[in-house]
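Asks: Before we start, here is the structure in question, set down as structure tokens.
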Amino acid sequence: MAFWNSWFGKPSIDEQVVENILQQEVSAVKQQNTSNSFFDGDFHTGNYMVNTFVFNGEKSHGELGNPINLLPDYKALRLRAYEADFTNDTVKIVTGKFFKWVIGTGLKLRSEPNKVVLDIEGIKEPLKPFRNNVESYFHTYASSTMSDYSGKQDLHDNARDVLKTSFLGGDCLTVLRVDNDYNLTVQVIDGQHICTPILSNGYIEAAKLRGNKIKHGVEIDKRGQHVAFYFVTQTDNALPTYERIEAKSKSTGLTMAWLTYGDKQRIDHVRGVSNLSAILEKVKKLDRYTEASVSAAEERAKIPFAIEHSRFSDGENPLLGALKKNQGVDVMESSYATGAKLAPQIAATANKQVWNMPIDSKLKALESNSEINYETFFKAIFVQICASMDLPPEVALQQYNSNYSASRAAINGFSFILEQYRDKYSKSFYKKVYVVWLHLHILKNKVSASGYLPAFLNKNRYVVESYANSRFIGQRIPHIDPKKEADALRIMLGDPSKGEQPLITHEDATEQLGNGDFFENHDKVIEERELAPKQNATKPEN
């Protein structure tokens, strides 16, 4: 039954299995209640009667209801999130800003080999040439289509795909492939293609022989490590065909395939869930409310006035004469004939006229408070949606209507959250790619790293990790008042002439201002200063 439900797109949860689990839990509770006398109900202790209950988090009966063990339907949540991002402008506002800020034009490598560990391990070599080499080479690699498996986009484009696919869909698979010339390419696969190869003979049986099991397309061992991934490569035939990708290389042990998660409901789940899961229904209702408000306003605009008659009115229409005059036809003619005659003869609607209303009747404008209250209601819901996505509404709307302190506080808070997400996605994408790329870069003798290969062969992970130690930085949010930010950083840099000790480095200050790389800027400034006197010397006098 579970197989057919999964195949035809229904929740792939076997109801009988769930029922058996619930029955076992109920039986366990009953056995515990009968085996312990103090759970038997009411019992006497001296002259007092004590009632003992099992607390499950509910203080007032009926407020929480029965505990529910939610199991995510990965396929349905993925499709609903993709639909929301495709059709809902509110979701697009939030996700669009979020994706652009986290990755932006791409994260830039900062190679930071751990010199202390390398010194302790007896490796003495200059690390500045190593840093300059790998940063320059990796920048060229990441900005080129040579990094892409299909040769269509660069590494930063793939990083944006990983972020978007995992954030909306819940997870995506990244596969690293090495060709015969030891060139590394990256392939990103949507998580919807990862599934258990039920209809393919041999995969499940082979996994069992290895002592592993396959859950939702992921082969895991007894320790819970991901061993391999199965994804659909072709669906044109009657039965889909699958490809099995091992997580680690058999020759090097390096990670060559992994899942990047948007969110995980529980730590022992092998698949992720969409970050939009909690707000899907709310944004759908908000979208319907918005569409209904706009449609209602449009329909009311078509009928600007209505004549209100009381019980004593004779029902006369004071506008009927003017209507006939403007149309030049009888009002009972067909709409097509009326339209044809009306087009060349139509005059101004009222032309500042004063209407003499019949007895006990008045002209009333059609209006509604829904448009007036719409902004307040929409903003209240929008703030909740933004908060659930860790995005300030000011950043999402790009509207900073508050004072400097409030706007700056919102930006600082988002900057902190932004760094958390960048750290997450650099660990789950950029750094994994960089580790394999660096290994191949050293093997091809592109950079000097005398202690790397001996340590790698001897499985000295401390040395290997020290060489690969790095971080990835992204673009900074523009400052509201750049002068105040620059003055604050100059204070932290200190004044050497006054004997002040700096609180930060020049590299950190340049990075915080978002002005590129300090060392590159320094070299360019020296070059410009040397060039300036030559230009002034050749400048003709007036």
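The values are calculated or read from the model by the stated rules, or taken from the named source; none is laboratory data. Computed from a prediction, not measured in an experiment: that's the story for all the values here. Because the Cβ atoms are built from the backbone with ideal geometry, glycine has one as well, and the counts that use them run over all protein chains shown.
Asks: Tell me yes or no: at least one residue of the stretch 384-398 is loosely packed, with under 14 Cβ neighbours inside 10 Å, among the aliphatic types (A, V, I, L, M) and at pLDDT 85 or above.
Replies: Yes, the conditions are met somewhere in the stretch 384-398.
Asks: On to the next question. So M146 passes all but one of these: (1) modelled with pLDDT of 90 or more; (2) of a type in the set (A, V, I, L, M); (3) touching a Gly at 6+ places or on another chain (Cβ under 9 Å). Which condition number does it fail?
Replies: Going through (1) modelled with pLDDT of 90 or more; (2) of a type in the set (A, V, I, L, M); (3) touching a Gly at 6+ places or on another chain (Cβ under 9 Å) one by one, M146 breaks only (3).
Asks: A follow-up question, please. Within the stretch 135-151, is even one residue of a type in the set (D, E, K, R), in contact (Cβ under 8 Å) with a residue 60 or more places away in the chain and within 25 Å of P454 (Cα to Cα)?
Replies: No - not one qualifying residue is present in the stretch 135-151.
Asks: Within the stretch 223-233, does at least one residue satisfy the condition of being of a type in the set (D, E, K, R) and more than 27 Å from L79 (Cα to Cα)?
Replies: Checked the stretch 223-233: at least one residue is of a type in the set (D, E, K, R) and more than 27 Å from L79 (Cα to Cα).
Asks: Go through the stretch 234-247 and count every residue that is assigned to a strand (DSSP E or B) and free of Cβ contacts under 8 Å to residues at least 12 places away in the same chain.
Replies: Looking only at that region, the number is 1.
Asks: Looking at the structure I just gave you, is K446 among the basic types (K, R) and more than 23 Å from S147 (Cβ to Cβ)?
Replies: Judged against the criteria, K446 is not a match.
Asks: When you scan the stretch 427-441, how many residues do you find that are surrounded by fewer than 23 Cβ atoms within 10 Å (Cβ to Cβ) and under 16 Å from G262 (Cα atoms)?
Replies: 2
Asks: Residue by residue through the stretch 248-264, note down the ones that are part of a strand (DSSP E or B) and either crowded, with 17+ Cβ neighbours inside 10 Å or not basic (K, R) (or both).
Replies: T255, A257, W258, L259, T260, Y261, D263
Asks: Here are S407, S415, S370: which of them is at pLDDT 80 or above and surrounded by 12 or more Cβ atoms within 10 Å (Cβ to Cβ)?
Replies: When all the criteria are applied, what remains is S415.
Asks: Just to be sure before I move on: is A486 in contact with a Leu (Cβ under 8 Å, 6 or more places away or on another chain), at pLDDT below 75 and part of a helix (DSSP H, G or I) in the structure I sent?
Replies: Yes: the conditions hold for A486.
Asks: Mind listing whichever residues of the stretch 67-88 are out of contact with any Leu (no Cβ under 8 Å at 6 or more places or on another chain) and either among the aromatic types (F, W, Y) or not in a helix (DSSP H, G or I) (or both)?
Replies: The answer is P67, I68, N69, L70, L71, P72, D73, Y74, F86, N88.
Asks: So which residues in the stretch 102-134 are in contact with a Phe, Trp or Tyr (Cβ under 8 Å, 6 or more places away or on another chain) and more than 19 Å from L453 (Cβ to Cβ), if there are any at all?
Replies: Hits for the stretch 102-134 are V102, I103, L107, K108, L109, R110.
Asks: All but one of (1) closer than 28 Å to Y430 by Cα; (2) assigned to a loop (DSSP other than H, G, I, E, B) hold for V91; state the number of the condition that does not hold.
Replies: It is condition (2) that V91 fails.
Asks: Which of the strands (runs of 3 or more DSSP E) found entirely inside the stretch 157-220 contain at least 3 residues meeting this: in contact (Cβ under 8 Å) with a residue 60 or more places away in the chain and closer than 21 Å to Q234 by Cβ?
Replies: 171-178
Asks: Consider the stretch 127-170. How many of its residues are within 30 Å of R78 (Cα to Cα), of a type in the set (K, R) and surrounded by 14 or more Cβ atoms within 10 Å (Cβ to Cβ)?
Replies: 2
Asks: Sort through F414, F382, F378 and tell me the only one that's of a type outside the set (D, E, K, R), within 30 Å of S147 (Cβ to Cβ) and in contact (Cβ under 8 Å) with a residue 60 or more places away in the chain.
Replies: Testing whether each residue is of a type outside the set (D, E, K, R), within 30 Å of S147 (Cβ to Cβ) and in contact (Cβ under 8 Å) with a residue 60 or more places away in the chain leaves just F414.
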